[in-house]
């Protein structure tokens, strides 16, 4: 029907998003009809396209194109908000000999926990490591280990976004650093080196985070601890940006493909992962329905159902690096063009030999 787009959607957020993207990508569609199914019936929802829908179209396209940057920005904002809550509500400097331990714990321990959480939720790291230490596996060569490290380092670097954000925001707030530095022996030797009563000077430094007048008096003579914290924060930002720029330039300069082919490779990989996940869920659902139906209905024989063999799963799970001599963009791409043909021929030969021997 011209000018109308109808989509039947199950109550699943991914399918809803797919239908919405399909509708928004259609410039001539003026009406969207959504048919929602549930256990109790169905409902038909019609949405007429107008200026608001055109604006939504632009917003969705912008989010899709910059989803990586938006994701990192969201993580950074949530981390900054968490640091503000911790520093203003939870953190209370003891102002004694425990200042160093207490302040350092709030400065670095949450960052370490955020890094561990980032590693745990990073699916690419687990995809790279799963099954690699199995006893059935052969010993990994030095070249393969080097390629694993080459891929693992950028993946691990992405998990440092939240920890570094925590440390930088905490340094700008200066509460954690001021507490930790006031109990540092290096700071004590620096401020109390000309003081005859060294012990009393140390006790005075312990009280700096809890006494604003003392902190103001100290900052009039030396660079205050809060100013030191903020200077270190700016230096840390400069170092992070410099390392990120150098590593990006090095990886792009040594890339085996051109920029346009790299963008194509990136788009292909994203689409392949998306379609593979969708097809795997459909395949698993069909297999589960077949097995459960046969279990509860014992009179029916199970219909033949093809699933990839363990060998096929291992082939597409191997580490893949781009080779200019063989223009394959993933392990699945190479498997479909080469390995699948070889495995099919070997299976046919085995079945043929079995039939002859039988």
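The values are calculated or read from the model by the stated rules, or taken from the named source; none is laboratory data. Since this is a predicted model, take the numbers as computed values, not measurements. Reconstructed Cβ throughout: ideal geometry from the backbone, glycine too, with neighbour counts over all protein chains shown.
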Looking only at segment 257-276, which residues are exposed (fewer than 11 other Cβ atoms within 10 Å of the Cβ) and closer than 23 Å to residue 158 by Cα?
259, 271
Answer from 125, 85 - the residue that is farther than 30 Å from residue 202 by Cβ, surrounded by 15 or more Cβ atoms within 10 Å (Cβ to Cβ) and at pLDDT 80 or above
125
Can you name the residue in segment 128-167 that is part of a loop (DSSP other than H, G, I, E, B) and modelled with pLDDT of 80 or more and is also farthest from residue 273 (Cα to Cα) among such residues?
160
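Listed here are the residues, each with its yes/no results for (1) at pLDDT 75 or above; (2) over 30 Å from residue 155 (Cα atoms).
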position: 37; (1), (2): no, yes
position: 40; (1), (2): no, yes
position: 46; (1), (2): no, yes
position: 50; (1), (2): no, yes
position: 56; (1), (2): no, yes
position: 68; (1), (2): no, no
position: 81; (1), (2): yes, no
position: 92; (1), (2): yes, yes
position: 107; (1), (2): yes, no
Total residues in segment 218-262, condition at pLDDT below 85, assigned to a helix (DSSP H, G or I) and out of contact with any helix residue (DSSP H, G or I) (no Cβ under 8 Å at 6 or more places or on another chain):
2
Quick check on residue 301: is it at negative phi, part of a helix (DSSP H, G or I) and in contact with a helix residue (DSSP H, G or I) (Cβ under 8 Å, 6 or more places away or on another chain)?
no
